[in-house]
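Before any comments, here is the structure.
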Amino acid sequence: MKIKHWRTGFQIFFFILIIYGGFLAVEFLGAEKETVARGTEASVNVVDSSLPIHSCRYNQPKPALFEGCGIRYLLDRPLYFKFNRNIWLGITIPILVILIFCFLFGRFMCGWMCPLGFTSDIFDSARRKLKISHPKLSQKTIKKVKIFKYSLLLALIFFSLAVIIPFAHGIYMTKNFFETACSICPAKLIFPLFGAKLPTFPTFMNVITSILSTIGLIFLGIYLAGLAITRAWCRICPNGAFISLFNKGAIMNKTKDSLKCTKCGICKRVCPMNNEYVYKEKKLTTISDKECIMCFKCVENCPEKDCLKVKFGNKKIFSSNFKQK
């Protein structure tokens, strides 16, 4: 099996687990439904936590196996401190679980587990089948997009903290900023469709919700632009931006033997994120760059035996020239 076959298998498994896992747990495993405090929304008592990647709480059909994505949990769940300081343990443990996942796998989760990433790859496959031209982003544009991505993450952190920190209330930060990340995320509009349900449409009831809904529709357009630009949404995804901070120090890592590299440039050409780091790096052994989504296309397509390797700690998992083994 090629690396791409392993990766496709992982993506299908996690797509079913995240989108339909709660429904299947109730129907076939006898898990019980419970009504949560937010209203009539049902969840499953098998797993009541969040994944670092997109596991949207707006998933359909209900119930959902996971409560939501990591970025929503990290930014919005601490709001409960403002109302109830006795639930710190229930908040801290899931956050620790999210951080442990990040330290272990880094952006491997983006390339192999994220449902939005999987559907983006389907877009890419459809583009190739339809022979739609693939515009190549310049490195200058990629750098600007990278700046925007981390600026977006910082803005979401600020708006979430603004609800908690009293002195920020003077800047007109109100409870309308609760779940800001959900309001602008395309997953909220995409995931329900897989359960044959209409999504919760953006609201324009006041200035704040109108701004957030407009941004959300723009981001939906960027996600759909994946038909032309490979992994368009992944380039600005706040979840990916957060996980990327752990990429270089993660236990799952990618290494390069520069002495075996012939500078053929294949790794640069096959990268869906247009990342040139693997190609350019000459000194360092570990080459897990922040922008790498760990799809390992560079490893699979590298013609030099053991020039590129994927390791979990010190244990080799994949290596270049893998298809000949």
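The values are calculated or read from the model by the stated rules, or taken from the named source; none is laboratory data. Fair warning: this is a prediction, and the values are worked out from it, not measured in the lab. Please note: Cβ atoms are built from the backbone with ideal geometry, for glycine as well, and neighbour counts cover all protein chains shown.
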(message) For the range 182-216, which positions are under 21 Å from Ala155 (Cα atoms) and of a type in the set (A, V, I, L, M)?
(response) Ile184, Ala187, Val207, Ile208, Ile211, Leu212, Ile215
(request) Give me the pairs, please: first residue somewhere in the range 116-143 and closer than 28 Å to Gly68 by Cα and touching a residue at least 12 places away in the same chain (Cβ under 8 Å), second residue anywhere and part of a helix (DSSP H, G or I) and polar (S, T, N, Q), beta-carbon distance under 8 Å, and either six or more positions apart or on two chains. (result) Gly117/Gln11; Phe118/Gln11; Asp121/Gln11
(request) Kindly indicate the residue of the range 170-198 that is crowded, with 16+ Cβ neighbours inside 10 Å and part of a loop (DSSP other than H, G, I, E, B) and also modelled with the lowest pLDDT among those meeting that condition. (result) Met173
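Listed residues Arg235, Arg231; which is at positive phi and either modelled with pLDDT of 90 or more or not assigned by TED's automatic domain parsing to the domain that holds Gly68 (or both)? Outline the logic, then answer.
Details: Arg235 fails: at positive phi.
After applying the criteria, what remains is Arg231.
In the range 1-42, which residues are at pLDDT below 85 and part of a helix (DSSP H, G or I)?
Initial filter on the range 1-42 (at pLDDT below 85): 1, 22-42.
Residues satisfying the conditions are Gly22, Phe23, Leu24, Ala25, Val26, Glu27, Phe28.
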(message) Which residue is modelled with the lowest pLDDT, if the candidates are limited to the range 62-121 and must be aliphatic (A, V, I, L, M) and in contact with a Cys (Cβ under 9 Å, 6 or more places away or on another chain)?
(response) Ala64
